[in-house]
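Colleague: Quick one: this structure, given as structure tokens, is what I'll be asking you about.
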Amino acid sequence: MLHGLSDAGQGAAVNARIEIWVAEDKHLSSIAWYLQFAEAFRFDLLETITAKGLAAEDDPILHNVAVAAARQSTKHPDELFDAIFLPAIQSLSSRGLFGWVGGMFNWEQLGLLKGLSPEQVEPLLALMIDVPRLGTNGEALLAVIAHEHAQAVIDLIGRRFLHERETGDFRYEDLPHALHYLRKPLAAAPVEIVAAARRWFDADPSFSEFRGGRLIAQLFPNLEHPLYPLLYSQIEENREGIDFVLSVLRAFKGEKFLHQLLRAIVGFLPAEDELLRIVHIVIDSSGVLVGEYGGVEAQEARKALVAEWETDENEAVRAFATSFVKSADNQLAMERRRADRSIAMRKIAYEE
């Protein structure tokens, strides 16, 4: 109704009526909803409604003023974040309400989160720790911030990893299963990503594959430059660095591009080191296997890749390759017998 009257040239009357309603604490949530689309935007009214919503802890009012601040932020960027949006979402979040994270607009198209200072970003990201599931909307929100504050978002991811472990809430999702919006801004900070992954590993090695390793695999699915030198420098440091790099490589699927790092790791390790078992695991990782002989084909491919190591100048690498190829031959024989048996049993079952 208010939009219709305003479009009909009754803007002055609409403003007068809204001022009366606000003074009387009437229809505040609806007025906030109206203001998100109003051409003649009244910051003073939205600020007054926000104060009333905060005092009453009125969730519908606070949700609508937060949405209004976000939608109006491109045309009216001044003060909306500090005076309206942040206080409203802090109040909502304190009661476990996170609908403000999105779903009603595209964060990239709004001005609200662009050009924020570190002091403004910090309290917003603190609220994001408790968001149960980021989803695509939460990821899109973080991506806008990450373009200007990548380290702050990386730190938030680490805090979400820790929160999941501390709470044990199986409904909590630290990161979306597949990243989309965050890939570009975070991939632009490879040094910071590897450094953070190493810190997370040092704090809790047992989950590194599913935290820092998974993040690196999503941001750099082919170990794009400069990931190789960054990870190689970790290998050169000490055995803990090698353990960290292996935890990262376990998040991949045994691809050929991993072998340069794996070969270097074998060259650094003593012959009986337990970490060589992890090297085997990384090499043996596979994606989807197709057909009865999918396992055979995958093992033959792995064997061929490691066989190339037999010409390496490092004796330890050559010895590892010889042992792996011998073991692979035995596994291939067993895998072929299993596939042949499976095919034969199917033919009997279906009278082929």
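Colleague: Note down the net charge around Trp200, summing +1 for each Lys or Arg and -1 for each Asp or Glu among other residues with Cβ under 15 Å from its Cβ.
Modeller: Neighbourhood net charge equals -2.
Colleague: How big is the dipole moment of the chain about its Cα centre under a simple scheme where the beta carbon of each Lys and Arg is +1, that of each Asp and Glu is -1, and everything else is neutral? Debye, nearest 20, please.
Modeller: Using Cβ point charges on Lys, Arg, Asp and Glu, the chain gives about 880 debye.
Colleague: Return the lysines within reach of Lys253: Cα separation strictly under 23 angstrom, same-chain partners fewer than 8 residues apart disregarded; answer none if there are no such residues.
Modeller: Here the lysines satisfying the reach criterion relative to Lys253 are Lys184, Lys303, Lys326.
Colleague: Residue by residue through segment 170-187, what is 3J(HN,Hα) from phi via Karplus (6.51 cos²θ - 1.76 cosθ + 1.60, θ = phi - 60°)? Round to whole Hz and write x for glycine and proline.
Modeller: So the Karplus estimates, Gly and Pro as x, are 5, 7, 7, 10, 5, 9, x, 4, 10, 7, 10, 5, 7, 4, 5, x, 7, 5 Hz.
Colleague: Hey, which lysines would be in cross-link range of Lys26, C-alpha to C-alpha under 30 Å, not counting anything within fewer than 8 residues on its own chain?
Modeller: Candidates past the 8-residue exclusion: Lys52, Lys75.
Colleague: How many angstrom separate the Cα center of segment 209-234 from the Cα center of segment 243-261?
Modeller: A separation of 9 Å, based on Cα centres.
Colleague: Please list the helices of the chain that count as membrane-span-like by this rule: a mean Kyte-Doolittle hydropathy of at least -0.5 together with Cα atoms stretching 24 Å or more along the helix axis, each helix being a complete DSSP H run.
Modeller: Span-like helices, by this rule, are 150-167, 315-349.
Colleague: What relative contact order, as a whole-number percentage, does the chain give when Cα pairs under 8 Å and 6 or more residues apart are counted?
Modeller: So the answer I get is 8 percent.
Colleague: Let me ask you something else. Taking the number of other C-beta atoms within 10 Å as the exposure measure, put Lys75, Lys253, Lys52 in order starting with the fewest.
Modeller: Ascending number of Cβ neighbours within 10 Å: Lys75, Lys253, Lys52.
Colleague: For Ile49, Ile283, Ile129, what's the fewest-to-most ordering of other Cβ within 10 Å of each Cβ?
Modeller: Going from sparsest to densest Cβ surroundings: Ile129, Ile283, Ile49.
Colleague: Fewest Cβ neighbours within 10 Å first, please rank Ile20, Ile278, Ile145 accordingly.
Modeller: Ordered by Cβ neighbours within 10 Å, fewest first: Ile20, Ile278, Ile145.
Read-outs: derived from the displayed coordinates by stated rules, not from any lab. Since we're looking at a predicted model, the values are computed, not measured. Because the Cβ atoms are built from the backbone with ideal geometry, glycine has one as well, and the counts that use them run over all protein chains shown.
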